[in-house]
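These notes concern the structure reproduced below.
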Amino acid sequence: MAVNLVFDKINSFLCRRSYPQIIFICLLLSALIVKTDLLSGYEISTSILFLVPIAISTWYGSHRAGIFFSLLSAALWLIMDDVIFHHPYANAFAPYWNAAVRLGGFLVAEELLNRLKIHLNIEKLLARSDDLTGLLNVRGFTEQAEKMFGVSARHNRHITLACIDLDNFRKVNEQYGQKEGDELLRVVGNKIAASLRASDVAGRMGGDEFAILLPETNEAGARSMFDTFRITMQQEMEKNNWPVSFSIGVVSYNSPRANLDDATRFADSLLYRVKKGGKNAACFASYPVKQPDLPI
């Protein structure tokens, strides 16, 4: 239990570090290992601990960083073994052979760890993605959105949340079948993804419901974005003869203090207002400056 707690704290610490900070930490660890090896002398070697900076640089840094520290570790080990300690070998080529073997071992360990990292990242991505649309699922969207609300609150930045519902989607399933309904959702997901900036986040929240989070966006920016979005989506529906329109509730925070749950409830209430007023419209509101406008 205590060991797990220690590793959790280390992992939490390293996850919050930037790439340059990870490299600096690994360089510091490498220097500490060299110093420890020098103090302990030839008979007690601690050079195997070079696997620690190699592992950290690979897991929290990059594949390239892991290779660099593998090369650096093998070189430092060779310098200590052949230059500093002057270990006697029957064959002058022996220390270089040993260094090559160590390097090979370091590179194998680094490659295995990198492959595991890639595999886990893929599994993590799949667990947070919607199979049908390719957007984030509820879990993935919630995780990303909560982080972005936190950043906006800390830095007092604008942020906008939109909840989107497809009007009359059930008719498509009833008239054309579920396969056609799935194709409609795929098209909507692709169009949403194409309309986003790199910093934006979108997810399918279940059924025919979607959500979009726009950081650094006030109500004016949200209006511009969703006016274009509604026109584009409606043209796509008409092109495919789908009797579907879009009801959207959009809440913008000028001084973010709410969390994701509060924002979602607010946006859902705006969406409900649109539904109640006849559907196929968007309702915008700002917090805490303005009251909701009428659906448009």
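Points to keep in mind about this one:
- Checking each residue in the stretch 210-223 for being assigned to a helix (DSSP H, G or I) and under 24 Å from ARG186 (Cα atoms) picks out only ALA222.
- Residues (in a helix (DSSP H, G or I), of a type in the set (Gly, Ala, Ser) and surrounded by 14 or more Cβ atoms within 10 Å (Cβ to Cβ)) located in the stretch 152-206: SER152, ALA153, GLY181, GLY189, SER195
- For the condition in a strand (DSSP E or B) and at pLDDT below 95, ALA285 qualifies.
- In the set SER47, SER18, only one residue is loosely packed, with under 11 Cβ neighbours inside 10 Å and either free of Cβ contacts under 8 Å to residues at least 40 places away in the same chain or within 20 Å of GLU110 (Cβ to Cβ) (or both); that residue is SER18.
- Every pair of residues 6+ apart whose Cβ atoms lie under 9 Å, when the first sits in the stretch 266-289 and is at positive phi while the second is surrounded by fewer than 17 Cβ atoms within 10 Å (Cβ to Cβ) and assigned to a loop (DSSP other than H, G, I, E, B): LYS279/ASN168
- Boolean, SER47 is among the hydroxyl-bearing types (Ser, Thr, Tyr), at pLDDT 85 or above and within 30 Å of HIS119 (Cα to Cα): no
- Residue check for VAL151: at pLDDT below 90 and more than 30 Å from MET237 (Cβ to Cβ): yes
- Considering only residues in the stretch 50-67 that are surrounded by fewer than 18 Cβ atoms within 10 Å (Cβ to Cβ) and without any contact (Cβ under 8 Å) to a residue 40 or more places away in the chain, the one that is nearest to ARG115 (Cα to Cα) turns out to be ARG64.
- Checklist (1) touching a strand residue (DSSP E or B) at 6+ places or on another chain (Cβ under 8 Å); (2) of a type in the set (Gly, Ala, Ser); (3) farther than 20 Å from MET148 by Cα applied to ALA258, failing item: (3)
- Residue match in the stretch 250-259 (condition: among the aromatic types (Phe, Trp, Tyr), part of a strand (DSSP E or B) and modelled with pLDDT of 95 or more): no
The values are calculated or read from the model by the stated rules, or taken from the named source; none is laboratory data. Every value quoted in this text rests on a predicted model; they were computed, and no experiment measured them. Neighbour counts are summed over all protein chains in view; Cβ atoms, including those assigned to glycine, are modelled from backbone coordinates with ideal geometry.
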